[in-house]
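What follows is one structure encoded as structure tokens, with my remarks underneath.
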Amino acid sequence: MSAKKTSSAPARSAKTAAAAVPAASIDGTAASDTPAQTAAPEQAQPLFSELGLSAPIQQAIDEMGYRHPTPIQAQAIPYVLMGRDVLGVAQTGTGKTASFTLPMLEMLSGSRARARMPRSLILEPTRELALQVAENFVNYGKYLKLTHALLIGGESMAEQKEVLNRGVDVLIATPGRLIDLFERGGLLLTQTRLLVIDEADRMLDMGFIPDIEKIVSMLSPLRQTMFFSATMAPEIRRLADMFLSNPKEITVSRPSSVATTIETGLAVVDAHDKRRALRKMLREADMQNAIVFCNRKRDVDVLCKSLIKHGFSAGALHGDLPQSTRFATLDAFKTGKLQILVCSDIAARGIDIGGLSHVFNFDLPFHAEDYVHRIGRTGRAGRTGHAYSLATPDEEGLAQAIEKLTGKPIPRIEVNGVDNLDWSDEPRSAGGRRKPRKDSAAQPKSSAPAPAPTPAAPAAPAPAPAAEKAPRKGRRSDTAASAPTRRDAGLLPPAADQGIVGFGEDIPAFMQLPRREKTVIPADE
DNA sequence: AAAAAAC
């Protein structure tokens, strides 16, 4: 497949991209996620060569060193090739992605794409997952002349349109951009006969289902549909009934229940001690690489900066970062250039990183099920994983919800060098949810409180601090004396990198507050 | 409460 990417995604080593398909054998034992393979190794395992894939695809599989399909692959591929709808209940790490990419390549290899009419469509909830699927197509389609396009937000639409105009065989998309482009007339889905809805449970959580319904309604009812979800909640079942017709249902479970392959621990500390506690844990862990989850994007930035400041090799990943940074950071982590990935729940599910030794929860997740997804990033391929969490004394409820869901208590652990607390302890810092900020030096605070940074700040014509209260609007008309600019027309965001101009010495205090992207790390010791 | 996803 000649990879026509609309993204500027960095090249990926075959090893990491192939991680969705567990290696057949590394050290003599089946590096499998499935009980079928570990429980009955003496049983003859199916071979890829028996699945009816043609020579170019088989050769790509061979070259990547795979001989045995995973259970979901062995079960799904024949049915997909038969033209059946498939309902797959499987998580990442089971080889799910190749269970649809391989037969899709086979079915598409006979003919060619037509302009603006993709022949197949794969829907993914996040851009990172979309990229991961695209890499799968590149790897397995290397001996086919098929094209694919990545249709995701955050990147140039013109470029994506151009690729679509030339015609693509496989379109891999996140819902927002797909609908956007469709509504602009850049896309026709009438010829799309293969549809994959991946990570359906997550799409549901993220509120994508109306979008998915809309997209499905654009497709021909003659299509073949593959629908994947990690769980089969009633709501998901209802969706499956709506989108699929007489599907072959395939369920594969992951053997790694939390207890057996992941060692867990929970330390209760004061909020002020969290970063110190984490550093201690990071230093004392026998750690190859680690993901650290935070509940908030802001905290991801703060924590990552702090870790770097303390000499750790860390990078940040969350949805407010530019797309190029997101892909580059993930790639650096996967290839070992970064040891620690600090992220939001953007990476809690789906993203497949081979050989991750540790997961840390800097915050306990709000929803217990997210805990399971987060720590499921480690403990793969037969190795013991490690998942350690930090909690504050007021978060007993979150911990209990997790223990109830998993049916296992999380052993309490203590971190050296910080106050190890108990649920009954009072938070050290009084004053409710917000910690009192000790950032006096960084922020020039005049005796009068700084005005809120709302451009709409209405009449406040105090004489002396007049300049301080000047709304941004005034600044614009000041700088753009005569000719209105695109920025004035609201076509461009306010200049981010150009310092503050137009005030001479009298720059309003609020404009000197740190910007979001210039994260200030509050003191923690 | 938070995160993700379109400009």
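Every read-out reported here was derived from the displayed coordinates using simple, explicitly stated rules and does not represent laboratory data. Just so you know, these numbers come straight off a predicted model, no measurement behind them. Positions of Cβ are generated from backbone atoms using ideal geometry, with glycine treated the same way; all protein chains shown enter the neighbour counts.
Each of A:C304, A:C343 has some number of other Cβ atoms within 10 Å of its Cβ, and from fewest to most they run A:C304, A:C343.
Once both labels are positioned 7 Å from their Cα atoms along Cα-to-Cβ, the gap between A:E213 and A:M157 label points is 2.5 nm. Projecting the Cα atoms of A:A277, A:C343, A:L330 onto the charge dipole of the range A:258-406 (Cβ charges, centred on the Cα centre) puts A:L330 farthest toward the positive pole. In sequence order, the range A:413-422 has phi-based couplings of 10, 10, 10, 5, x, 10, 6, 8, 9, 10 Hz under the Karplus curve 6.51 cos²θ - 1.76 cosθ + 1.60, θ = phi - 60°, and Gly or Pro positions carry x. In plain terms, the chain from A:E63 to A:L222 could stretch by 53.7 nm, reckoned as 0.36 nm per residue minus the Cα-Cα distance. Legend: Rg and Dmax of the range A:258-406, from Cα coordinates, 14.1, 39 Å. Over 26 Å between Cα atoms: which of A:K96/A:K404; A:K309/A:K404; A:K145/A:K337; A:K142/A:K334; A:K96/A:K280; A:K248/A:K408 fall into that group? From A:K96/A:K404; A:K309/A:K404; A:K145/A:K337; A:K142/A:K334; A:K96/A:K280; A:K248/A:K408, over 26 Å: A:K96/A:K404; A:K309/A:K404; A:K145/A:K337; A:K96/A:K280; A:K248/A:K408.
Evaluated with a Cβ-only charge set (Lys, Arg +1; Asp, Glu -1), the range A:14-251 carries a dipole of roughly 820 debye about its Cα centre, given to the nearest 20.
Based on alpha carbons, the Rg and Dmax found for the range A:175-228 are 11.2, 29 Å. Think of each Lys and Arg Cβ as +1 and each Asp and Glu Cβ as -1; about the Cα centre, that makes the dipole of the range A:284-350 roughly 200 debye.
Here A:M281, A:M206, A:M287 are placed in order of increasing Cβ neighbour count within 10 Å, fewest first, which gives A:M206, A:M287, A:M281. Taking other Cβ atoms within 10 Å as a rough exposure proxy, A:F182, A:F208 sort from fewest to most as A:F182, A:F208.
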